[in-house]
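Enquirer: Following this message is one structure expressed as structure tokens.
The values are calculated or read from the model by the stated rules, or taken from the named source; none is laboratory data. What you see is a predicted model, and the numbers here were worked out from it, not measured in a lab. Note: ideal-geometry Cβ built from the backbone for every residue, glycine included; neighbour counts use all protein chains shown.
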Amino acid sequence: MNGQRTCLNGHRFVKTSDCPTCPQCEAARAPTDGWMAKLGAPARRALEREGITTLGELAERSEREVLALHGMGPGSLPKLRSALKDQGLSFRTN
């Protein structure tokens, strides 16, 4: 089958894109609570690649910077704004 792959953990999956992420491994490592749990996997990975793992670290970035990350879509911004607001934080404005 075209696009069939096997991850390092032995899971077999099919991808039509170049994305190497195993869906089973990604689902197993997804958080079940907290602000990151509200995000889709691509957005969560985008933040993790940038070393953003806390809301304090997120608040050091502007919306424009976050939206420019590969994997971050505009649908994630309201969720991030809400999570920041709940902690009395916001995106950097400049």
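Enquirer: Would a scan of region 53-60 turn up a residue that is within 22 Å of residue 26 (Cβ to Cβ), in contact with a helix residue (DSSP H, G or I) (Cβ under 6 Å, 6 or more places away or on another chain) and at pLDDT below 95?
Expert: The answer is no; no qualifying residue exists.
Enquirer: Scan (1) surrounded by 12 or more Cβ atoms within 10 Å (Cβ to Cβ); (2) modelled with pLDDT of 95 or more for the single condition residue 7 breaks and write down its number.
Expert: Result: residue 7 passes all but (2).
Enquirer: Shifting gears a bit: Among the numbered criteria (1) assigned to a loop (DSSP other than H, G, I, E, B); (2) surrounded by 12 or more Cβ atoms within 10 Å (Cβ to Cβ), which single criterion is violated by residue 51?
Expert: Among (1) assigned to a loop (DSSP other than H, G, I, E, B); (2) surrounded by 12 or more Cβ atoms within 10 Å (Cβ to Cβ), the lone unmet condition for residue 51 is (2).
Enquirer: Here's a check for you: in region 83-94, which residue that is more than 11 Å from residue 60 (Cα to Cα) and not in a helix (DSSP H, G or I) is farthest from the chain's Cα centre (by Cα)?
Expert: Filtering first and then ranking leaves 88.
Enquirer: Could you tell me which residue of region 10-21 is modelled with the highest pLDDT, considering only residues that are closer than 16 Å to residue 40 by Cβ and surrounded by 10 or more Cβ atoms within 10 Å (Cβ to Cβ)? Outline the logic, then answer.
Expert: Filtering region 10-21 down to residues closer than 16 Å to residue 40 by Cβ leaves 17, 19, 21.
Within this subset, residues satisfying the condition of being surrounded by 10 or more Cβ atoms within 10 Å (Cβ to Cβ) are 19, 21.
On the way: 19: 76, 21: 80.
Out of the qualifying residues, it is 21.
Enquirer: Only residues in region 79-94 that are of a type in the set (S, T, N, Q) count as the first member; pair them with residues that are surrounded by 14 or more Cβ atoms within 10 Å (Cβ to Cβ) and in a helix (DSSP H, G or I), Cβ under 6 angstrom, at least 6 apart or cross-chain, and list the lot.
Expert: 87/55; 90/84
Enquirer: Sticking with this structure for a sec: How many residues, within region 55-82, are surrounded by 12 or more Cβ atoms within 10 Å (Cβ to Cβ) and either in a loop (DSSP other than H, G, I, E, B) or within 10 Å of the chain's Cα centre (by Cα) (or both)?
Expert: 7
Enquirer: Mind listing whichever residues of region 17-46 are touching an Asp or Glu at 6+ places or on another chain (Cβ under 6 Å) and in a loop (DSSP other than H, G, I, E, B)? Let's see the steps before the verdict.
Expert: Here is the first cut: in region 17-46, the residues touching an Asp or Glu at 6+ places or on another chain (Cβ under 6 Å) are 41.
Result: no residue meets the conditions.
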